[in-house]
1. Pick from 188, 206, 115 the residue whose mean-square fluctuation is largest in a GNM of the chain, springs joining Cα atoms under 10 Å.
2. How long is the gain from residue 45 to residue 141 if the chain were fully straight, where each residue apart is worth 0.36 nm and the alpha carbon distance is subtracted?
3. So what is the calculated 222 nm ellipticity per residue for the chain, using -39500 (n - 2.57) for each DSSP H run with n of 4 or more, over all residues, to the nearest 500 deg cm²/dmol?
4. If I build a Gaussian network model for the chain, linking alpha-carbon pairs within less than 10 angstrom, which residue out of 176, 70, 138 has the largest mean-square fluctuation?
5. Sort out for me the Cα centre separation of segment 177-212 from segment 84-143, rounded to whole Å.
6. Report the gain in length on full extension from residue 152 to residue 186: 0.36 nm times residue separation, minus Cα-Cα distance, nm rounded to one decimal.
7. Once the mean 1/r over all distinct Cα pairs of the chain is inverted, what Kirkwood radius in angstroms do you read off?
8. Beta carbons within 10 angstrom, averaged per residue: use that to sort the peptides 158-171, 101-114, highest first.
Ligand SMILES: O=C[C@H](O)[C@H](O)[C@H](O)COP(=O)(O)O
C-alpha cells in the first residue's frame, strides 16, 4: 500500500462525513488534493471555502461552488492534512505554507477533521519543522527571536504566502512542550501565525497500509 493510496483512503473516509447543504472547508496539500478530487467526482450539494488559493483554484476548476471566506463567519466541517498529529490531537501543519488560513478556517469550523497517512502519526509532535508566518518588515528581528526557541531557523527562499508574508521554519524545538512553544512563538511581534494546532482538531482519520483509524477529541475527555 503506497502512502498516496493511504492519503486517498483517509480522504475517502472523511468524504463520508460530508452532507448535502454543508459549507465545507477545504484544506491544502497533497492529502487535501485527494479530498477535493473526490468531492469533484461525487458532486454533493455543498458549498466550499478554501484554505489556500491553490485549493480554491482546484475546487473551482472541478466545478465546486467556492465562496470567499472573507464573507463567512462559520463553517460546518473542515477537512485538512497535517505534517504531524499526535494521540492528543495536537498537530503541526504548514509544510505547504498555508497554516495561517488553515488555522482561521479551522477555528471557524464546527468540526475540523485531519486526514493523513500513517507517516504523520507521532507519539508527540516536535520532530517536524514548525513553520512560522512572518510580516516581511519583521523578518530579521523574528529570525533572531526564533533562534532562542529552535536549534536552526531557515527562511523559505522565494516563497510568499497567500497573505503576502514570508515563512521561517524552526527546526529542532528547544522546548518539547507544544503549549509553551506555541505561546512563545506567538508572543514575538511580527509573527502572524504558526503551524502548531493545539486544540483546533476535533478528529483525525489516519490510513496506514489500508487500515483506517479514527481518533476523536471527545474520546480524550478534553
Ligand atoms: O501548508 C500545508 C498544510 O498544512 C498541509 O495540510 C500539510 O502540510 C500536509 O500536507 P500533505 O497532505 O501534502 O502532507
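1. Ranking 188, 206, 115 by mean-square fluctuation puts 188 first.
2. Here the segment from residue 45 to residue 141 would lengthen by 29.8 nm.
3. Helix-only estimate at 222 nm: -8500 deg cm²/dmol.
4. 70
5. A separation of 4 Å, based on Cα centres.
6. 10.5 nm
7. After inverting the pairwise mean of 1/r, the radius is 17.5 Å.
8. Ranking, from highest mean packing down: 101-114, 158-171.
Since every read-out is calculated from the coordinates, none of them should be taken as a lab result. These figures come from a predicted structure and were not determined experimentally. Quick reminder, even Gly has a Cβ in these numbers, built from the backbone with ideal geometry, and neighbours come from all protein chains shown.
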